[in-house]
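The structure appears right after this line, and notes come after that.
The values are calculated or read from the model by the stated rules, or taken from the named source; none is laboratory data. Keep in mind that this is a model prediction, so the values were computed, not measured. Every residue, glycine among them, receives a Cβ derived from its backbone with ideal geometry; neighbour counts consider all protein chains shown.
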Amino acid sequence: MISILIPSYSYDVSNLLEELHLQLLQQNYTFEIIVLDDASPKPIKIKTLKNTILLKAETNFGRLKARRFLAEKANYKWLLFLDADVLPKNSNFIQFYFDAIKTKYDTFFGGFSYYNTLPKKNFRLRYYYGKSKEQADALIRNRNPYKVIISGNFLIKKDIFLSLNFNLKDGYGLDNYFGALLKENKISVKHLNNEVYHLGLEKSADYLVKKEAAAKTLLVLYKRNPNIKHDNDLLEWFSRLTKLKLTLLGKWFYKLFENIMRTQLTGSKPSILLLQLYRLSYLCFIARN
């Protein structure tokens, strides 16, 4: 038995729902699908489908609160969270997760995948980042299971999810902190080659703003709990610079080269290595301010 939970803000989930239903009904699984329209300007509509309901928020919850709301509404022990802008890569996507439930783990991450078609040049930063950092084989992800945490496609026990998310506040970039919480609380994690295609690529300039927001979130969480166990490269480098008293240097690097870096990152061939340097120097900049 499984609850599939899909928060959406102005994104058409019709294709996703049809594919999930096809796989679920073929195997005669016990399931429910709950879609949350998170106060979209243009209300979302879905077809009438078996064991599927659409809930509507009066005001925008945001990513974290929407998931917590859906988890509280769910009737079953296992929760499968999917972002609205994804589509299962394989026809045995649901079967794979039901087989996984029979094992000893508490949480399963299926992973992200990206089509090989190169998007328009002003959408490439998100695409290259996904290809470089998110699209990884489960064998690689399982070597460091708390590092590549992608919450757009994961299965978790309801009680564990609610206990870990009870005191969190919303913000972009919480996947890294969620991974740290899983590690801190010794929640068993298994990565699977059960990917979904990530379809909703934003423009490079917009994505860069999101990465800045993620850095701010990380800084707040780091200051709140600097000793939390984590596997985040950005926080690790920032912690080193802090101990070496080099964050002022990082701040001035950002101030001097911000425009040059932004121009490169929003161009047709963005460098992911430069993106990491941009994020680190930005983190120094906001920390010193």
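Only one entry in L55, L87 is part of a strand (DSSP E or B), more than 25 Å from L201 (Cβ to Cβ) and in contact with an Asp or Glu (Cβ under 8 Å, 6 or more places away or on another chain), namely L55.
When only residues in the stretch 1-52 that are in contact with a helix residue (DSSP H, G or I) (Cβ under 9 Å, 6 or more places away or on another chain) and over 20 Å from P88 (Cα atoms) count, which is modelled with the lowest pLDDT? The extreme case among them is K45. Based on what the data block shows, is L22 surrounded by fewer than 13 Cβ atoms within 10 Å (Cβ to Cβ) and among the aliphatic types (A, V, I, L, M)? Yes; evaluated as a whole, the condition is true for this residue.
Is it the case that K251 is touching a helix residue (DSSP H, G or I) at 6+ places or on another chain (Cβ under 7 Å), among the basic types (K, R) and closer than 30 Å to N185 by Cα? Criteria not met by K251. Pairs linking a residue in the stretch 8-30 that is acidic (D, E) to a residue that is at pLDDT below 95 and crowded, with 19+ Cβ neighbours inside 10 Å, with Cβ atoms under 8 Å and 6 or more positions apart or on different chains, are D12/I44. Taking every residue in the stretch 263-283 that is buried (at least 22 other Cβ atoms within 10 Å of the Cβ) and pairing it with any residue that is outside any helix (DSSP H, G or I), at least 6 positions away or on another chain, the pairs with Cβ-Cβ distances below 9 Å are L265/S271.
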